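This report concerns only the one structure given below.
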Amino acid sequence: MLTKDTGIIDAVQNHPEILEVFAEYGLGCVASHFESIGQGAAAHGIDVDAFIADCNKAIEAEKK
């Protein structure tokens, strides 16, 4: 499960299925090695909680 403190690069490397969610939210630059998901989403004016929820839904769907 991802949280706002999860590093972007770690999240994408461990769960490439969330790249679709990044694209849906207009986040093309997922190469940040130092930002957390919360920091990246906030910097782009994105609802962090909704974004994380959608990422976690994509991860759960991939498991099925």
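Tally Lys and Arg at +1 and Asp and Glu at -1 over the other residues with C-beta under 12 Å from the C-beta of residue 23: what net charge comes out? Taking every Cβ under 12 Å from that of residue 23, the sum is -4.
Considering only protein heavy atoms, what per residue accessible area in square angstrom results for the chain with a 1.4 angstrom probe?
Numbers: 4050 Å² over 64 residues.
Value returned for the chain: 63 Å² of accessible area per residue.
Relative to the Cα centre, the charge distribution of the chain, modelled as +1 at Lys and Arg Cβ and -1 at Asp and Glu Cβ, gives a dipole magnitude of about 80 debye. In vacuo Debye scattering of the chain, one point per C-alpha: log10 I(q)/I(0) at q = 0.13, 0.18, 0.19, 0.27 Å⁻¹? Once normalised to I(0) and log-transformed, intensities are -0.27, -0.53, -0.59, -1.30.
The values are calculated or read from the model by the stated rules, or taken from the named source; none is laboratory data. A quick note: this is a predicted structure, and the numbers were derived from the prediction, not measured. Note that each Cβ is placed from the backbone with ideal geometry, even for glycine, and that neighbours are counted across all protein chains shown. The accessibility values were calculated without ligands, DNA or RNA, using every heavy atom of the protein model including side chains. Shrake-Rupley method; radii C 1.70, N 1.55, O 1.52, S 1.80 Å.
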